[in-house]
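Colleague: Dropping a structure here in structure tokens format, bear with me for questions.
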Amino acid sequence: MDDLAARGAPLEYWFFRTDSGDLSFLVDLIVRRGEHRAETRVASRVGDVAGVERAFSDTWSADAQGIRAGESHLGASTTRGWVGEIAWSLDVDLGPDRIRPLPPALSWLRPFDMQLVSRPTARFTGSISIGGRTWTLESRPGMVSHYWGRALPRRWTWVSVTGEATEPRLESTVLSSRIWGTPLAVTCGYFWRSGEPPAGRPVLAVMPLNGLVRSTPGAPGAARVRAWRPRRFAADVDCQAADESFADLGEGIRQSLAADVVADGRRLRGALEFRD
């Protein structure tokens, strides 16, 4: 099954993000089947100006090719759409790397609130326009993710670094999830980091399957993510974003596209998101 193929779950999200110059850009396409409608949510940051735009549609389709909601579409090879004064038309290369934290047998049992598959080394070519200004992208790094399930986890910390050609890429989520929809909850998550160029191998820790991944809150808008996998690697990642850089996405989600992420002594540009 294609990573972006619809799973038919009550709640289903597809999203991508990329950066170009002074632009940071993230698009969510969301299907809430119980409400029989879809939402396109665009978070952007141009310089120091952040914004969130939304469009709702009762006309949508989600199938083996991806998601189409109103004027917006995201599939394995293209994404196009517009919301308000924001428009994009991009070719998508999902890249060679794939994060699927749950093995197939456990995934089939659906123990957690949501399941996820992510393509952390995607690339985008095309254009993005906001308020009359256009950015042209030529194989810009980014990521594409798809998650689905019965309900959003109650809380999470998400960190994403898409990087430049000579920089590492990083993606991590630590969350609290119910077990089979019961009041019993566990902390779980994953940490993925690209290999060092030119030929390093990516590393992945999944808690509770093969390692430990923890998120420790710091000052407001800050978190430390620690990951460890026996005989493989250990990582400490410090994330910080100014309070005014966070946008309210609704549903208790706060997101900054202007986070400083320090990993292996390197300061990187990234995204940081909390649900409390």
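Colleague: Show the residue pairs that are 6+ apart or on different chains and have beta-carbon atoms under 8 Å apart, the first residue being within region 200-214 and without any contact (Cβ under 8 Å) to a residue 40 or more places away in the chain and open to solvent by 80 Å² or more (accessible area, probe 1.4 Å), the second being small (Gly, Ala, Ser) and part of a strand (DSSP E or B).
Modeller: LEU212/ALA205; LEU212/ALA227
Colleague: Now for a different question. From (1) more than 20 Å from PRO104 (Cα to Cα); (2) surrounded by fewer than 18 Cβ atoms within 10 Å (Cβ to Cβ); (3) modelled with pLDDT of 95 or more; (4) in contact with an Asp or Glu (Cβ under 9 Å, 6 or more places away or on another chain), pick out the condition that doesn't hold for GLY132.
Modeller: (3)
Colleague: I need the full set of residues from region 86-115 which are among the aromatic types (Phe, Trp, Tyr) and more than 19 Å from TRP180 (Cα to Cα), in order please.
Modeller: The answer is TRP88, and nothing else.
Colleague: Could you give me the residue pairs with C-beta distances under 6 Å whose first residue belongs to region 104-121 and is within 15 Å of TRP158 (Cβ to Cβ) and at pLDDT 95 or above, whose second residue is open to solvent by 40 Å² or more (accessible area, probe 1.4 Å) and part of a strand (DSSP E or B) wherever it lies, and which are 6+ apart or on separate chains?
Modeller: ASP113/ARG178
Colleague: Got a sec? Which strands (runs of 3 or more DSSP E) wholly within region 1-115 have at least 3 residues that are among the small types (Gly, Ala, Ser) and buried (at least 19 other Cβ atoms within 10 Å of the Cβ)?
Modeller: 37-46
Colleague: crowded, with 19+ Cβ neighbours inside 10 Å, among the aliphatic types (A, V, I, L, M), modelled with pLDDT of 95 or more and within 28 Å of GLN240 (Cα to Cα): does that describe LEU137?
Modeller: In short, yes.
Colleague: Do any strands (runs of 3 or more DSSP E) lying entirely in region 139-229 carry at least 1 residues that are of a type in the set (D, E, K, R), and which ones are they?
Modeller: Those strands (runs of 3 or more DSSP E) span 155-161, 170-178, 185-193, 212-217, 222-229.
The values are calculated or read from the model by the stated rules, or taken from the named source; none is laboratory data. Just so we're clear, the structure is a prediction, and the values are computed from it rather than from any experiment. Quick reminder, even Gly has a Cβ in these numbers, built from the backbone with ideal geometry, and neighbours come from all protein chains shown. To get the accessible areas, we keep the full protein, side chains included, count just its heavy atoms, and leave off ligands, DNA and RNA. Shrake-Rupley method; radii C 1.70, N 1.55, O 1.52, S 1.80 Å.
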